[in-house]
Each structure stands twice: as C-alpha cells, then as structure tokens.
Amino acid sequence: MATQDFYDILQVAPDADKEAICAAYQRLREQYDPQKLNGAAAELVELAQQRLSRIDEAYATLSDAQRRAQYDAQRQASLQDVPDYRPLPPAQHAERPRDFNPRPTINQPAAIAGPAAAVIAVLAIALVSIIGGLILTGGGGVPQAVPTPTTSPMDALETMIARARQIAEQNENDAQVWLDYANLLYDSVQIVREQAPNSVLYQQRLPRWLEAAKAYERVLELDPTNAVARGDLGASRCFYGAGVGDQTFVVEGLKDLETATTARPEDTRLLLNLGLCLASAQPPRTDEAIEVWQRIISIAPTGSPVANEAQRLIDQVRR
C-alpha cells in the first residue's frame, strides 16, 4: 500500500470489532484535536490537522462494513515482501551467526515496535546505506561517506526534534507536546538499534535514550496514568542500560514495563519490549522473556506481524 495502513492509523488490530474501532477513533480524535495546540507553532498545528484528517479517513472506512470489506480485500492483495524494521533479537554480547540476516523481510505490512511508525520508515530509508556498511564491518570502523541530498531525512528529523524540544519547553504543562518530543527522540535511536545494535553509530546514539526517558518522565508528571508512555520510558531505560552495560537502568526499565503491561495486559508492543528487556538482563531472564512472547502469540491474530516477531524471538533465544 502506498499510504499508511488504516489499522495502524487507528492503532487497532485488523480483526478489531466495531466497538474497538469506535473507541480508538474517539481517543485519537481527542488526542489530536488542534484546539489543544492554541498558541503552538503553526507547523505543529498543521501536523495535528493532517493527522486528524487521516484518522477521520481511516475511521470512515473501517466503521462502514461494506467499505471495510473492500479495503480489507485491497489490503490483502497488496501484501508483498518489504523490509522488516522490527527489533532485532538481543545479541547477548556475542557475534551473530554467519547465516544471520540483519535485513529480513516480511510478507505483510511491518509492525513497528516504536511509537511513530511513519518517522521510523523515513529514517530507515535514510539509514540503509550508512548502517549497511556498519553491519558488514561489524561496527568496527567508519564506513565511507555516502552521498546524501542537501536536506536528507536524517537532517529533517533532527530539525523536527529541535523544533519539538522548543515547543515542549514553551508549553511545559502540555503532556501531548512532551509526548511528541519523546517519541521523536525514541524513534531516532530505535531505528539504529534495530538495524545495527553493535555499531559505532548506535554507541554514539545511546545517550539519546536518556533524553527520551526524561521527556517521558515529564509526560508522566503531567499524565500519571499514561501506561504507553510508562512502557516507552521503561524501554528507553532498558535499552540504554543494555547498551552501556549498566544493569541499574535495565532493572528500572523492567519495573516501568511491568507496571505498563499490568495496566495494558494485551498491548502487544509493550509486551514485546518487556520480553526484550528481560532478555537483556544479566543474567538473561530467558524463560520469562519466552513466556511473555508466548503470551503475545496467544492474544495476537495468527500470522500477524507481532505474532511472527514474537515467535522469531523465541526461536532466536532458544538457539
């Protein structure tokens, strides 16, 4: 599909019933209400309006039985092998086997394990050449310079992050703008972690996990019941701790993720990150991680991207 998947836009599973779709629509429509951004930069208001337009479009299709059936048929027909940018399994501080594929593909729309799928997709395109060299060299050296456009997606993202930081600082009591800022930080380092977790580039980006964690902490100060932000705070702490070898952060991240998954026991993305964090502990809590991933398989639609990813991770840690 050329456009973002309607199910992804509404953050529901493809087999969600009409009640779940309506509930998701109401929540997202309130979340992206441009009136909440009075006084914010015009660019941010425009982005919110664009997002709201896509939410309305997705809901109009998925809430109508006939239009949804037609959309599902078109969606199924468009499935094809695409790069799989979901998290790579933990390397456990060891070299990956020679037959390990760092760029797998999936035969259905990818499920991103991070907050902003559209940003990750743009980043992925920009990083293919750079990260490809890092993977092939094992991250041991700096690859040759790769020609880039005058304004690359990477540069555009950094501009967005700086602008989001400014907006958050100007609207210090607005949980949503802090969440937007946190998500941009998260995404900017997550894609590097997924593609080249042992690279020099990822080591350089590790401190950004702490920046994201601080922004999520601010969100939770303003909105203590936001379980998704709590889970992303935990993932940020955990991935930072695993990257620098500091188990203190891993333990703190686990606490946040466990709290978040208790509040949202069927949120498969949170569960996926909980399993990754358990597997990153020292010593690795592999059995517990497998149990969490098996829970994903039991609640996610059979053959869905997240169920496939959970099974892949189980197979990986068992080898």
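What the table shows:
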{"quantity": "Tally of residues being charged (D, E, K, R) and modelled with pLDDT under 95 across the stretch 233-251", "calculated": "1"}
{"quantity": "Lone qualifier among Q247, Q190, Q195, Q204 - being open to solvent by 50 Å² or more (accessible area, probe 1.4 Å) and either in contact (Cβ under 8 Å) with a residue 24 or more places away in the chain or closer than 19 Å to A263 by Cα (or both)", "calculated": "Q247"}
{"quantity": "Conditions (1) touching a strand residue (DSSP E or B) at 6+ places or on another chain (Cβ under 8 Å); (2) modelled with pLDDT of 80 or more: number failed by A60", "calculated": "(1)"}
{"quantity": "Cβ pairs under 9 Å, 6+ apart, first in the stretch 9-30 and surrounded by fewer than 16 Cβ atoms within 10 Å (Cβ to Cβ), second at pLDDT below 80", "calculated": "R27/Q11; E30/K36"}
{"quantity": "Residue list for the stretch 218-231, restricted to those being closer than 16 Å to V250 by Cα and of a type outside the set (K, R)", "calculated": "G231"}
{"quantity": "Residue that is nearest to A162 (Cα to Cα), among those in the stretch 43-63 that are in contact with a Pro (Cβ under 9 Å, 6 or more places away or on another chain) and of a type outside the set (A, V, I, L, M, F, W, C)", "calculated": "E46"}
{"quantity": "Checking N173 against (1) at pLDDT 50 or above; (2) open to solvent by 30 Å² or more (accessible area, probe 1.4 Å); (3) in a helix (DSSP H, G or I), the condition it does not meet", "calculated": "(3)"}
{"quantity": "Subset tally (residues that are farther than 22 Å from M160 by Cα and more than 16 Å from the chain's Cα centre (by Cα)) for the stretch 185-202", "calculated": "3"}
{"quantity": "Qualifying position, being under 19 Å from D267 (Cβ atoms) and open to solvent by 10 Å² or more (accessible area, probe 1.4 Å), among V228, V219", "calculated": "V228"}
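Residue-by-condition table, conditions (1) under 16 Å from Y202 (Cβ atoms); (2) touching a Lys or Arg at 6+ places or on another chain (Cβ under 9 Å):
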| site | (1), (2) |
| --- | --- |
| G234 | no, yes |
| G245 | yes, no |
| F249 | yes, yes |
| E252 | no, yes |
| E258 | no, no |
| T262 | no, no |
| L271 | no, yes |
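The values are calculated or read from the model by the stated rules, or taken from the named source; none is laboratory data. Fair warning: this is a prediction, and the values are worked out from it, not measured in the lab. As a convention, Cβ positions derive from the backbone with ideal geometry for all residues, glycine included, and neighbour counts pool all protein chains shown. In case anyone asks, the SASA skips ligands and DNA or RNA and just uses the protein heavy atoms, side chains included. Shrake-Rupley method; radii C 1.70, N 1.55, O 1.52, S 1.80 Å.
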